[in-house]
Each structure stands twice: as structure tokens, then as C-alpha cells.
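Just below is one structure, and these are the notes that go with it.
The values are calculated or read from the model by the stated rules, or taken from the named source; none is laboratory data. Fair warning: this is a prediction, and the values are worked out from it, not measured in the lab. Neighbour counts are summed over all protein chains in view; Cβ atoms, including those assigned to glycine, are modelled from backbone coordinates with ideal geometry.
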Amino acid sequence: MSLTKVQNWLVIGIPKNWKTALSNPVPLWGLKQRYKIEFKTMLSGDVLWLYATKPVGGIIGVGIVKDKYIDPLNLVWEEELLKKKVVWPLRFRIQVLKVLPLDRWRSDCLKINDFNLFWQQGFQLLKNEQVVELGKRAERVFGLLEIKDIFAGATIAQTGYRVSEQVGSYSYSEGLEAFSHRDIQEFLAEIGKLQFYYSEIEYKLDLPGERKTLDVVWKREIDGVPTFAFEIELSGMLERAIERLKFAFKRWNSQPRLVVGNESLTRANNILSVSEREFASQLKIYEPSQIWDLLTKKRDLKKAEEVLKLY
């Protein structure tokens, strides 16, 4: 998908309002009545560039318009709660495609100080040449290989990805290229995004005596704890993967999920048979082919929903 094929909007707000917006299960934003013309012009599927004002001063994320509605009743942001009235009734929900983690907003945000913009206007349509330039800068800021990748993979942007462990690969079926560990991470991250979770690859995990990560997590809030925790183990080190899932389960009650090759299923089940009953009953084991099949179906469903305008 080319960014210039759809409308692109710059959405400007103060950092604390963005934190509130992004803490909703499906993030939302609101506009004042003076933007009713722009609100009517905005369409589902339009691209949104999320700009946080000082002390951040840059774009912290990008998403698309899921739907829009007028809400004169529900109070969401701090100013509305203090005034006990709706300030921003023209609302739209956002499917976040990429967003920086909170601790990187100030250091890594996408700067557009050189754009010729009217900064007093909090919601404005961007020109094609501005969109093209944003696409180039977004590849660097959000850790992408190509701008088209903004629609795939993890929601929470990551740069400098490195693999320090032997991770192996999985052959889906004869005649097809093997899936790598990283491929399966990307598949799981995209599935989470399609289910409106904040998905993150290589989630830091402070285990006693080591500093490691979970392969993929899905979170309900941008700065929340993992609702689902995934480990992908294709190199045979199942005990280590299961220990990390146990840690997440005990600390956050995260739903543990393990992805292994068919040849490791029996061994994984044997390890679980001597694990704590509560943890063992919650852990689900999948083969990589099941993850790929689910992602394929999710993508097909999304396309069908978009055609029917029921997304």
C-alpha cells in the first residue's frame, strides 16, 4: 500500500493526552467542533501521524482510522474530567501500526520542524510531498526495512534488533522456504496487532541472574504488562523457554504460549507433566504452521471486512 494513495493527517496533542489515548484497549482521539469539516472529510483507512507537543516535539507513532463517531457524553481526558464536560466530541478510533515506547518518545521521535505547517492547527491534511518525506524518515525512526512494513510486524517499534542466541528455523512443508525464528516473531506480532493488542518483539525480562527477553508479547496498554507471552523454541532449548514463560505467568498472570517444531512436541509435553499444575494447564503449545495459517486467515478476514466496510 502506498501512503500517498490515501489521505494522511497530522494529529497534534499534548503528551499526557496521547498517553491517555494509547492506554485505551482501542486507542481513540477527539477533536473540537471547529474541526467538523475535517472530521467529515476523514475516512476509515486514512493514515494518522501522531504528533506529541513539547517536551517531546515530534511524531511518536502512525496508525489508521478505524472508525469515527460523535460522543457528547463520555469523559476521557484529564481536562474533560476536571471540567466535567466533553471538550473533544468528534472522536475516532485508531488502529496503531507503529508507536515508540514511552521512554523513547523524546529521544527518538520523528522530527518535522522543517515542514511548512500551521502549528496552531491540531488536525490537518498533509500534502503528498510531505507524506513521501515522512515515509523516508519513518523507516529510520520506526526501525523498518521499507515503509510498507509499517502495516506488518510489531506495534511497538524497535530499532537495532539483534539475535544473540541460536534460534533455528522451521520448514513449513516440502518445497517452501523455511520460517526463521524472526519470521515467526513477526507473524505473532502481526496477529496481535490485528487483534488490537500492542505487540512487542524482544520484551525485556529480568530473570534472576540473567537479563533476557520474551520473544513476543501482546499488551492491552502501551506501557502495560504482557497479557500474552510467547516463546519460540526451534533449537531444542525447551527448558529455558518454559522457565521464561513461567516467570511471566507468576509475575503478571500472562497467558503462556509456546511455539515449537513437531519433533519437539512430545518433549515439551513431558516437561509440562512435571511442572506446576496451574501453569501447565494454562500453557498452550503450537507448531509454526498453525501460526502461519492463523495469520493468513486474519489477513484474509481483514481484507473481506474492508471490502464490506465492516472493519
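Specify the residue that is surrounded by the most Cβ atoms within 10 Å (Cβ to Cβ); the eligible residues are those in the stretch 70-106 that are more than 15 Å from the chain's Cα centre (by Cα) and in a strand (DSSP E or B). If we take residues in the stretch 70-106 being more than 15 Å from the chain's Cα centre (by Cα) and in a strand (DSSP E or B), then Leu90 is surrounded by the most Cβ atoms within 10 Å (Cβ to Cβ). Scanning the stretch 25-80 for residues that are closer than 27 Å to Ala157 by Cβ and either free of Cβ contacts under 8 Å to residues at least 12 places away in the same chain or among the hydroxyl-bearing types (Ser, Thr, Tyr) (or both) returns Ser44, Tyr51, Thr53, Lys54. Every residue in the stretch 113-125 that is assigned to a loop (DSSP other than H, G, I, E, B) and either of a type in the set (S, T, N, Q) or modelled with pLDDT of 95 or more (or both), please. Hits for the stretch 113-125 are Asn113, Asn116, Gln120, Gln121. A single member of Thr213, Thr227, Thr266 is outside the structural domain of Leu28 (by TED's automatic domain parsing), of a type in the set (S, T, N, Q) and in contact with an Asp or Glu (Cβ under 6 Å, 6 or more places away or on another chain), and it is Thr213. Taking the criterion of being in contact with a Leu (Cβ under 9 Å, 6 or more places away or on another chain) and basic (Lys, Arg), the only residue of the stretch 267-282 that qualifies is Arg267.
Tallying residues that are touching a residue at least 60 places away in the same chain (Cβ under 8 Å) and assigned to a helix (DSSP H, G or I) within the stretch 230-255 yields 0. Listed here are the helices (runs of 4 or more DSSP H) enclosed by the stretch 256-311 that have at least 1 residues being in contact with a Lys or Arg (Cβ under 9 Å, 6 or more places away or on another chain): 277-282. The set of residues from the stretch 38-67 being of a type outside the set (A, V, I, L, M, F, W, C), part of a strand (DSSP E or B) and in contact with a Lys or Arg (Cβ under 7 Å, 6 or more places away or on another chain) comprises Gly58, Gly61, Lys66, Asp67.
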